[in-house]
Amino acid sequence: MFYFFLSLGLIVILFLLYNIVVYYFTRVPHIKSKDSRLEKVFANLDIKKTDNIYELGCGTAEFLFRAEKYQPAKLVGYELSPIICWYAQFKAIRKKSKAKIKGKDFFKVDLSDADVLYLFLVDKVVQSAWQKISLEAKPGTLVIVLNDKIHGVQPEKVFEFPGSGAKISFYRV
């Protein structure tokens, strides 16, 4: 029994160290989007079957898996953490999802065919992502930002969650 708990403790410590290393390189912690916030997003989102949906810094791809029930043309997530990316890919296989989870830096991929972009990142990365998106995405692309805002850009809609300080902002390119 002692070795079981020792092994479990080592796994927890290694996982924490892994997350610290990933944070050091990405400057973005892994935090799952809360279900209540995703429900609010989808209650205010009109997804068409022709839409291409991207989740930037997708983590475990909760947004993509929820979006799939609307049968969009394409679902793509980008995640830099290898373990979290692998887990999201495993979930996609288990759910028989058509979502493609890629272990790539979204700053190095083409986003020009996106119709919807979802970001739950930190402020500095959101601002850099907006610079890329505003240059690359087609006019009319919807950009959904959880918990941050795009500086100097007026959102179409903002939903706040009283007591938590959380908000969801909808922007158009």
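Bear in mind that the values in this text are calculations on the coordinates, not laboratory data. The model shown is predicted, which means the values in this text are computed figures rather than measured ones. Please note: Cβ atoms are built from the backbone with ideal geometry, for glycine as well, and neighbour counts cover all protein chains shown.
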Selected from Glu68, Glu156, Glu79 as most flexible by GNM, with the chain as the system and alpha-carbon contacts under 10 Å: Glu156
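Considering only the chain, what is the antiparallel percent among its DSSP beta bridges, to the nearest 5?
If we restrict to bridges inside the chain, about 40 percent are antiparallel.
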Where trypsin sites (Lys or Arg not before Pro) in DSSP loops with at most 12 other Cβ within 10 Å are excluded, longest remaining stretch of the chain: 97-173
Helical contribution to [θ] at 222 nm, DSSP H n ≥ 4, -39,500 (n - 2.57), averaged over the chain, rounded to 500: -12500 deg cm²/dmol
Which label belongs to the value computed from this structure, given these candidates for Cα Rg over 2.2 N^0.38 Å: (1) 1.09; (2) 1.56; (3) 1.04? (1)
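State to the nearest 20 debye the size of the charge dipole of region 91-141 about its Cα centre, where the only charges are +1 on K and R beta carbons and -1 on D and E beta carbons. It would help to have the intermediate numbers written out before the result.
Numbers: 12 positive and 6 negative charges, 112 e Å.
Computed charge dipole of region 91-141: roughly 540 debye.
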Between 0 and 90°, nearest 10: helix 123-136 axis offset from the chain longest Cα axis: 50 degrees
Which shape class, rounded, prolate or oblate, goes with region 62-106 when its Cα gyration tensor gives a ≥ b ≥ c as root eigenvalues, a/c under 1.5 marks rounded, and past that a/b bigger than b/c marks prolate? oblate
The simple spin-label model distance between Asp110 and Val153, using points 7 Å out along Cα→Cβ, in nm, is 2.1 nm
